[in-house]
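Worksheet for the structure shown next.
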């Protein structure tokens, strides 16, 4: 019985190591909880968030999901729409990469961009 249990533990550890090594090949990663800390700074929509939207979300051409081409209600060039979807945006960018609904579908956000968007949402998604 001890031998079977020891073998099972070795197999489990090996499987976990394999999963971690495969996941490390993906260039998207969720920042650590510490990496999402806002540390008291005010995040500006105009200075911090809008440039991310313009370069990662509302781009024209391939990958431009939120430039009006997917319907007027998903046009992130309109601040009121971004603001009304702020919690969902945060939810999608902080999901585990590769899971259903993870954004962006094409390209990636840096840890700093994810942190800024998360902090902006947590601070009330203001037009500042």
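Of 101, 107, which residue is touching a residue at least 24 places away in the same chain (Cβ under 8 Å) and farther than 22 Å from residue 37 by Cβ? Step by step, each of 101, 107 is checked, and only 107 is touching a residue at least 24 places away in the same chain (Cβ under 8 Å) and farther than 22 Å from residue 37 by Cβ.
I'd like to verify a number: residues in region 55-79 that are modelled with pLDDT under 95 and more than 18 Å from residue 114 (Cβ to Cβ), how many?
Residues in region 55-79 being modelled with pLDDT under 95 and more than 18 Å from residue 114 (Cβ to Cβ): 15 in total.
Pairing residues of region 80-93 that are more than 16 Å from residue 65 (Cβ to Cβ) with residues that are part of a helix (DSSP H, G or I), at Cβ distances under 6 Å and at least 6 apart in sequence or on separate chains, gives 86/121; 90/118; 90/121. Residues of region 64-108 that are outside any loop (DSSP other than H, G, I, E, B) and more than 10 Å from the chain's Cα centre (by Cα): 72, 73, 74, 79, 80, 81, 82, 83, 84, 86, 87, 88.
For region 112-121, the condition holds for at least one residue, the condition being that it is surrounded by fewer than 16 Cβ atoms within 10 Å (Cβ to Cβ), at pLDDT 95 or above and in a helix (DSSP H, G or I).
The values are calculated or read from the model by the stated rules, or taken from the named source; none is laboratory data. Just so it is clear, the structure is predicted and the values come from calculations on it, not from any experiment. Reconstructed Cβ throughout: ideal geometry from the backbone, glycine too, with neighbour counts over all protein chains shown.
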